[in-house]
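Colleague: Please read through the structure below; I'll follow up with questions.
Computed from the coordinates by the stated procedures, all read-outs in this text should not be read as laboratory data. On a predicted model such as this, the values are computed, not experimentally measured, just so you know. Heads up, the Cβs are rebuilt from the backbone with ideal geometry, glycines too, and the neighbour counts pull from every protein chain shown.
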Amino acid sequence: MTKNITNFIATLVLAIVLSLFLPWWSIMTAALATALFIPLKRAAVFFVPFLAILVFWAGFSFFLSSANDFILAKKISQLLELGGNPYLLILVTGVVGGLAAGIAAIFGKQLIMLTKS
């Protein structure tokens, strides 16, 4: 359990730091790095980075959108046929980021398994 929490926090912190300097794909680099250095077992390999980035992206999206009263988020959610619901758009944003991070973490786990053989 402590490895899960450590990986979650490390992924979150590394993603925040890398996001300051790199584009959106830096979250995948953070998830890959933490999967290499803090290995997890079974489904936690995917779900821990997934949840870390979901929290990061959803929180950051909410923070940015609340500054302008969700005007842009409402318009984008109408374009994506989400019924004009900005909160649903924030959730979708978090899930997309989480999927990218989870897949990158699985790749990191596969790299560990490849080098051990």
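Colleague: Just the residues that are in a helix (DSSP H, G or I) and over 14 Å from Met28 (Cα atoms), please, taken from region 100-117.
Modeller: Gln110, Leu111, Ile112, Met113, Leu114, Thr115, Lys116
Colleague: In addition: Test of understanding: among Phe56, Phe21, Phe50, Phe46, which residue is hydrophobic (A, V, I, L, M, F, W, C), more than 16 Å from Thr93 (Cα to Cα) and touching a Gly at 6+ places or on another chain (Cβ under 8 Å)?
Modeller: One residue alone meets the criteria, Phe46.
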